[in-house]
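One structure below.
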Amino acid sequence: MRPLPPRTPLEAVLRWRFLLSGWPWRSAGYLLTSVPAAALAAAPLTLIGLPLLIAAPMGGRATSLVQAAFLVAVGVLLIAGIGPLVAVPLAELERRRLGMIDLTPIGSGHRHPSGPGPLRWLRTRYAEPATWRELGYACLLVTVAPVLYTALALALLWLLACLVSPLLAQGGDGPVALGPVTIGTPGDALPYALGALVLLPAVPYGLALIAGAHGLLARALLRRGSSELLRVELVELSRSRARLVDAFEAERRRIERDLHDGAQQRLIGLTLQIGLARLDVPPGSPAARSMDTAHAQAKRLMVELRELIHGIHPRVLTDRGLPAALGELADQAAPAVTVDAELPGRFPAHVEATAYFVVAEALTNAAKHGGAGRVRVTARWLDGLLTVEAEDDGTGGADPAGGTGLTGLADRVAVIDGRMFLSSPTGGPTVLRVELPCSLNRQPPSG
């Protein structure tokens, strides 16, 4: 099996074709472009942190210590207050620049502001952990990176000087200093030149290691943190769940339409044909009795099909909304049901359907298992939350594990981010309450 291609310099240096690949050039380009990036951030951050620079060389006298502490406090406040305005755009630049040595794209940990305007943007950014990680990266880029990169540049210059030291010694008027070493003749310089020549192939490896370490730090500080990744996953999960709910709703409507416009209409036609055929059969004959039986079965099947269609999704719920559908449920229920549904308008179809079937299951359980004589159903919507509650005067003791359909209801409510609460002590009463977050689709028609 062919190994996967490297995605970072740290992976590339382990391959034998490293020197023949583009990774040494990628690493060198990343390190070279780090210099203007650091200079771009250093100018405003140095100006902001000027009190810290002034406080650094102060002496040990008590007065100087007080002044230094004051300047440090002012510098920290300035960096914390203004620094994010420099760090956020710098981080965006660094994420793009990171693509030179890291083929795995990283996303920003920032959220979209809650509304338009600079104040909303500032409030959102200053409350995010990603902003402060980016500020920490900016501070490292303008403090630690220059020191390391200067040391790297001096090491490369020293290696280059050693490489050409025989020429320098031959053409010079006196001894040549190579750092701590002084050479006077080309013969003295030859060992240093040979050593530099041997070390020359190692330079690309060193550049790749330094660039890879820089990129690793940048990825750790500039990517989404675990909380941001979890938030993204939850958002995608919510969107996926909403798509599933919409798909199920569309499929439910298709089945309802096919049953209503197809199977039900054909069954009505069959019932009419059997009824007309009865007129041509002598009364009291065996054929007439068979026709009567078939006609009665067809009518019962039509009633059952109508109830099935109503159970899938009642027409009144689609046409007139949740209050009217709850009123129809109350008229058909065995116990005496009082409905109090003061709702300002219509809600998403899947929310209305969930609330309807919760009440339907509550009424069925109240009559079948609780022996209730009276049930009160209330429905309210306030601040984006639809609350539906059914309370009966039955014997209580409802148990989701007892096969009363409560577990299925809880799952159905959870699909749309709702919550279900059940209180059913032995002896009653039983209270079933659901809270469904939703928006108001439209106002009811006036008049």
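The values are calculated or read from the model by the stated rules, or taken from the named source; none is laboratory data. No experiment lies behind these values; they were computed from the predicted model shown. Counting neighbours? That spans all protein chains shown, and the Cβs are built from the backbone with ideal geometry, glycine included. Please note that ligands, DNA and RNA were not included when accessible areas were found on the heavy atoms of the full protein model with its side chains. Shrake-Rupley method; radii C 1.70, N 1.55, O 1.52, S 1.80 Å.
Points to keep in mind about this one:
- Think of the stretch 90-215 as a dipole: +1 on every Lys or Arg Cβ, -1 on every Asp or Glu Cβ, centred on the Cα centre; then among Leu98, Ala151, Trp121, Trp121 lies furthest on the positive end.
- Peptides 363-373, 196-206 ranked from most to least packed by the mean count of surrounding Cβ atoms within 10 Å: 363-373, 196-206.
- With N as its number of residues, the stretch 109-205 has a Cα radius of gyration that, divided by 2.2 N^0.38 Å, comes to 1.98.
- Ala127 paired with Lys368, simple spin-label distance in nm, labels 7 Å along Cα-to-beta-carbon: 4.7 nm
- Solvent exposure ordering (accessible area, 1.4 Å, most first) of Glu391, Glu94, Glu361, Glu435: Glu391, Glu361, Glu435, Glu94
- Stretchable slack from Asp340 to Ala80, in nm (0.36 nm times residue separation minus alpha-carbon distance): 88.1 nm
- Note on Thr378 and Gln297: the extension gain reaches 25.3 nm, defined as 0.36 nm multiplied by sequence separation minus the Cα-Cα distance.
- Tensor-based shape of the stretch 91-151 (alpha-carbon gyration tensor, a/c under 1.5 rounded, otherwise prolate or oblate): oblate
- Here the spin labels are modelled as points 7 Å beyond Cα on the Cα-Cβ line, and at Ser108 and Leu422 they lie 4.7 nm apart.
- Think of each Lys and Arg Cβ as +1 and each Asp and Glu Cβ as -1; about the Cα centre, that makes the dipole of the stretch 338-447 roughly 180 debye.
- Per residue, the accessible area of the stretch 326-429 comes to 47 Å², computed with a 1.4 Å probe over protein heavy atoms only.
- Between the stretch 150-190 and the stretch 347-387, the alpha-carbon center distance in angstrom: 89 Å
- The Ala177 and Val35 beta-carbon pair, evaluated with R₀ = 30 Å, returns a calculated FRET efficiency of approximately 0.65.
- Full extension of the chain between Val144 and Val415 gives 92.5 nm of extra length, using 0.36 nm per residue less the Cα-Cα distance.
- Pairs of Cα atoms nearer than 8 Å and 6+ residues apart set the relative contact order; for the stretch 317-427 it is 23 percent.
- With a simple spin-label model that places each label point 7 Å from the Cα along the Cα-to-Cβ direction, the separation between Leu276 and Leu47 comes to 9.3 nm.
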